[in-house]
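Chemist: Encoded as structure tokens, here's the structure I'll be asking about.
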Amino acid sequence: MYTQSLSGPWHFRQLGANDWLPAQAPGGVHTDLLALGRIPDPFVADNEKAVQWVAESDWEYRRTFDASAELLAEERVYLVGDGLDTLAEVRLNGHLLGQTDNMFRRYEWEVKSLLRPTANELLIAFASPVRYVTAKQAERPLRGVTQAIVGGPHLRKAPCQFGWDWGPQLPPIGIWKDIRLEGYSIARLTDVHLRQHHAHGQVEVQAEVKVEQWSDAALEATLRVTAPDGSSTETTRALPDAPLALSISIATPQLWWPNGYGDQPLYEVEVEVKAEAGEKPSTLSSTLTSAVASASYTIGLRTIELRQQPDQWGRSWQFVVNGVPIFAKGGNWIPADSFPTRLTDAFLEGLIRWAADAHFNMLRVWGGGFYEEERFYDLCDRYGILVWQEFVFSCSIYPLDDPVFVENCRIEAVENIRRLRHRASLALWCGNNEMEWGWESWGWAKQDWEDALRPYVERVPALRQLVRLADSRLLLADWRQLRDAYDRFFHHDLPAWVAAEDPDHAYWPSSPSSDTPFQDVNGEVQGDSHYWEVWHGRKPFTAYRTTFPRFQSEFGFQALPPLKTIATYAEPADWNMTSYVMEHHQKNAAGNGLMIGQMTETFRMPKDFSSLVYLSLMLQAEGIRYGVEHWRRHPERVAGALYWQFNDCWPVASWASVDYFGRWKALHYAARRFFAPVLLSILDAGASMGIYVTNDLPAPWEGVARWSLETVSGEVWEAGEEVVAAGPAAATHVRTLDFGDRVAAHKLTPLLSGARRDLIFVCELWQGEKLIARNIATFAPNKHLALAEPGLSWAISIQDGQLRFDVTAKSLARFVELALEGEDVVFSDNYFDLPAGRTAAITCTLPVGWTLARALDALRVRSLRDSYA
């Protein structure tokens, strides 16, 4: 076996142009044009509009190469493209190899007879995806998202690349994954299915091996498992004509756990096929030493199930790993760059590490993006991040009544199931995003078609009844045909393919879903839920506390990105919420207005644009905190909370907690607090304050809750201490205090509906001498708090390569923000509350080359009062 890479330098041109320009593969037309300075940065201002012509054009990529002697010595040589995006025609030395129409599939062609020792030419012609889907949409209109180029559902390409309510309309074109030549002699591996069987404290690792053989030779297969400590075990057997099952028993397995529940030891697995030329012997020859094919995998030893059991509220919906029920904490993952080939390994690892740092144990790979690359799953395996994996269908009606389209999807599904099923991080296969909800509740059925008919009926009044009758029958038949096709695909075909290829992971038909087709799709009795009444429905944050989903897989609230990010796409003259550029970088039509509306309910109006950005960050963090803390107070009923969304694909106002450049928003710091394994939360209801401790740990937790009723200036009116004995995987109600008499109207006190504006409730959770958490609650809205100048002061030191900031407040400082001018850093905490007389010790990595004096000069500190005073 021999592999020759074809990645690296290529040339490209617009179809019909004369000059070939330098390019890179993997890569794409946009990034290649950017590198040459031929187009402006699409992420700046409204340049997105200026580059629409790129995806509306056809392009050619060309590479010339010599074929190595080692490659030509193999009996068969395959051209393999792991990802061609999307409509490609592939030619080698003038011979048409084939065409592609699915960016999620791996394509290969046998090319040995076409290769020459030197001067081979590989030519890939890419047709415009925009022109293709536009033409298809004209032939047969299909429902899609309103922010996208119409027609996207007709093509197996990442839906969000055509546009979404957080993403630009910049569909890439090009070779987006590895491309290479693979040479084999005698045989090659066609499939390896790794499975685990856990029993009596031992784990059996099994490999079912399938081989394609074209030479009369004896074959044997070896399965080798290497433990985290480097020790290895192997077994070898002769390969029969049928698939071969090899197995190795691990007597003392080291189990893999999700983040926060244990370690993530990983085992290396190798399958190797060896051969000897000649007739197949009846017994295994000891001289079979020539390796003809091999494959390597990384696995974690663990069991996982989606547990659904009847209970007093309906039916549970909880992930269970190694027999331990898991409260899923995390967010929804979208493609991390609109041009995915420029995403670096270091930045991707940073994203996954930051997820783990915020106590995530799950990411939902949302169905509007794409199946991620191997490096993504490698990182999730390493960091203990469970992956909810969706098939790529989202918020649209697809032509699933077309057998050719369905067969294309079947091959796509099987290839990706086989690619990912061995992953320790893989938790679930989910059919699609929000499409069953669309059929049930979004008017995708008869009402939509009646609306489409109305203009025709109104224009032909004399034939009104005839037109209504004839057209309605046709359209009614079409939507019924499409819904039946949806039902067949997601409730029958796709689950059957998953069961055949990966019986060890659960399948879920859609998100949200009740698993009862088209009934109570987004309910709270069983299945998962999406809750958007706070954002789209404009309800207050307290509305989260009225919901009790079995598993909350989507909910969210937008914020602007940090000002430093805004400065990359908008000039200071455009720093206004309703400026043209700011609205261009807000893809949700009502988004900026929704933020401002909720802001007026929560905070005083900001004094300047920088303060508005700050308040939007705090608004988002507070909203999501309300929901997560509530659901974590009910783990017996709610088994997970995944907010929308974790990351961004370009600089934009969005629901993300980490922006496109990797800058943490206030939400991500809040997530590190509200996803903590031991959570302190306050259920504030008027003058009543309930203290709760939620413990995700498998063992009991003991500590002390210290509380005080005090003024913003630190005058303590009442205080107490409660012993906390929090059971494992449970929420404990510590105590509820009623301060009705203390917060009632007083003639010397500024009032709001009888509540004191200068009074707060402070609660701290301690274990021994260690402060675990600090929370505050108010008796009046933040916008009405009688905040005084907080009198913040700080001392800075360097300890073990870390900058340490000891920040103290003389009066309550809400939502304290630290920043280092000129440097992006991640602090140990940020956007935190600091009551009067307390000190918070905050650390961050010392930037390279920085001194203490430079850090002191660069430090910027502000709090809520600074946003208006």
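The values are calculated or read from the model by the stated rules, or taken from the named source; none is laboratory data. Fair warning: this is a prediction, and the values are worked out from it, not measured in the lab. For neighbour counting, all protein chains shown are included, and Cβ atoms are generated from backbone atoms with ideal geometry for every residue, glycine included. Just so you know, the surface numbers come from the protein's heavy atoms only, side chains and all, with ligands and any DNA or RNA stripped out. Shrake-Rupley method; radii C 1.70, N 1.55, O 1.52, S 1.80 Å.
Chemist: From the Cα trace of the chain, what convex hull volume per residue do you get, rounded to a whole Å³?
Modeler: In the chain, the Cα hull volume divided by residue count equals 208 Å³.
Chemist: If each of GLN4 and VAL320 carries a label point 7 Å out from its Cα toward its Cβ, how far apart are those two points in nm?
Modeler: About 5.4 nm, to one decimal.
Chemist: Sorted by accessible area (1.4 Å probe), largest first, how do THR778, THR146, THR565 line up?
Modeler: THR146, THR778, THR565
Chemist: While we're here: Rg over Rh of region 643-778, using C-alpha atoms and the Kirkwood radius, what does it come to? Spell out each step's value before the answer.
Modeler: Details: Rg = 18.0 Å, Rh = 17.0 Å.
Value, to two decimals: 1.06.
Chemist: Hey, what D do you get for region 132-267 in µm²/s if you plug the Kirkwood alpha-carbon radius into Stokes-Einstein at 4 °C and 1.567 mPa s? Before the final figure, lay out each step's value.
Modeler: Numbers: Rh = 20.1 Å.
Estimated via Stokes-Einstein, D reaches 64 µm²/s.
Chemist: Could you calculate, for region 64-192, the ratio of the Cα radius of gyration to the Kirkwood radius, expressed as Rg to Rh? Could the numbers behind the result be given before it?
Modeler: Details: Rg = 17.9 Å, Rh = 16.5 Å.
My calculation of the ratio gives 1.09.
Chemist: Next question. Work from the charge dipole of the chain (Cβ charges, +1 for Lys and Arg, -1 for Asp and Glu, about the Cα centre) and give the residue of THR565, LEU34, SER338 farthest towards its positive end.
Modeler: So the residue furthest toward the plus end is THR565.
Chemist: Between LYS564 and ASN18, what is the label-to-label distance in nm when each label sits 7 Å out along the Cα-to-Cβ direction?
Modeler: 4.8 nm
Chemist: Out of the total accessible area of region 1-124 (probe 1.4 Å, heavy atoms of protein only), what percent is carbon and sulfur? Write out the running numbers ahead of the final one.
Modeler: On the way: 2520 of 5340 Å².
Result for region 1-124: 47 percent of the exposed heavy-atom area is carbon or sulfur.
Chemist: Take each uninterrupted DSSP H stretch in the chain, measure its Cα extent along the helix axis, and return the ones at 27 Å or beyond whose mean Kyte-Doolittle hydropathy is at least -0.5.
Modeler: 609-632
Chemist: Taking only protein heavy atoms into account and a 1.4 Å probe, give the accessible area per residue of region 680-802 in Å².
Modeler: Value for region 680-802: 47 Å² per residue.
Chemist: Here's a follow-up. Could you pull the accessible area for ASP337 with a 1.4 Å probe, rounded to 10 Å²?
Modeler: 10 Å²
Chemist: Continuing with this model, one more query. Over all directions, what mean area does the Cα convex hull of region 716-869 project, stated in square nanometres?
Modeler: Values: hull surface 48.0 nm².
With the hull built on Cα positions only, its mean projection is 12.0 nm².
Chemist: For LYS210 and ILE796, calculate 0.36 nm times their separation in residues minus their Cα-Cα distance, and state this gained length in nm to one decimal.
Modeler: Gain on extension, LYS210 to ILE796, equals 204.7 nm.
Chemist: When the Debye formula is applied to the Cα atoms of region 508-554, each taken as the same point scatterer, what base-10 log of I(q)/I(0) results at q = 0.20 Å⁻¹?
Modeler: -0.63
Chemist: Fully extended, how many nm does the chain gain between GLU108 and ALA35 (0.36 nm per residue separation, minus their Cα-Cα distance)?
Modeler: Extra length from GLU108 to ALA35 when fully extended: 23.3 nm.
Chemist: Have a look at ALA819, GLN802, LEU834 and report the one farthest towards the positive end of the charge dipole of region 794-869, computed about the Cα centre with Cβ charges (Lys/Arg +1, Asp/Glu -1).
Modeler: Farthest towards the positive pole: LEU834.
Chemist: Also: Show which lysines lie in cross-link reach of LYS770 when reach means a straight Cα distance below 18 angstrom and same-chain residues fewer than eight apart are skipped.
Modeler: Partners found: none.
Chemist: So how do TRP354, TRP166 rank on accessible area, 1.4 Å probe, biggest first, that is with the largest at the start?
Modeler: TRP354, TRP166
Chemist: Continuing with the same structure: For region 306-423, what is the Kirkwood estimate of the hydrodynamic radius, computed as the reciprocal of the mean inverse distance between distinct Cα atoms, to one decimal in Å?
Modeler: The answer is 16.3 Å.
Chemist: Using a 1.4 Å probe, how large is the accessible area of THR64, given in Å² and rounded to the nearest 10?
Modeler: 90 Å²
Chemist: Another question, if that's okay. Rounded to the nearest 0.05, what FRET efficiency is calculated for ALA242 and GLU70 with R0 set to 25 Å and r the Cβ-Cβ distance?
Modeler: Values: r = 32 Å, r/R0 = 1.27.
Here the calculated transfer efficiency is 0.20.
Chemist: Would you check the accessible area of PHE548, probe 1.4 Å, heavy atoms only, in square angstrom rounded to 10?
Modeler: 50 Å²
Chemist: Per DSSP H run of n ≥ 4, the term is -39500 (n - 2.57); total these for the chain, divide by its residue number, and report the mean residue ellipticity at 222 nm rounded to 500 deg cm²/dmol.
Modeler: Details: 18 runs with 186 residues, N = 869.
When only DSSP H runs of four or more count, the value is -6500 deg cm²/dmol.
Chemist: What aspartates and glutamates could a cross-link reach from LYS607, if we take a straight Cα to Cα line under 17 Å and drop same-chain neighbours fewer than 8 places away?
Modeler: Filter leaves ASP574, GLU789, GLU817, ASP866.
Chemist: Here's something else I'd like to know. Can you compute the radius of gyration and Dmax for region 194-327, using only the Cα atoms, both in Å?
Modeler: According to the Cα coordinates of region 194-327, Rg and Dmax are 19.3, 67 Å.
Chemist: Using the Kirkwood formula over every pair of different C-alpha atoms, what hydrodynamic radius in Å results for region 575-681?
Modeler: Taking every pair of different Cα atoms in region 575-681, averaging 1/r and inverting gives 15.0 Å.
Chemist: Over the chain, what is the mean sequence separation of C-alpha contacts under 8 Å (at least six apart), divided by residue count, expressed as relative contact order in percent?
Modeler: Reported as a whole number, the value is 9 percent.
Chemist: Just list whichever of LYS157/LYS665; LYS112/LYS177; LYS210/LYS274 have alpha carbons separated by over 20 Å in the model shown. Please list the in-between numbers first.
Modeler: Numbers: LYS157/LYS665 30 Å; LYS112/LYS177 22 Å; LYS210/LYS274 13 Å.
Pairs exceeding 20 Å: LYS157/LYS665; LYS112/LYS177.
Chemist: Let me check I have the definition right: for region 82-149, take the eigenvalues of the Cα gyration tensor, multiply each by 5, take square roots. What are those semi-axes in whole Å, largest first? Show your work: numbers first, answer last.
Modeler: Working: eigenvalues 212, 26, 18 Å².
Value: 33, 11, 9 Å, ordered largest first.
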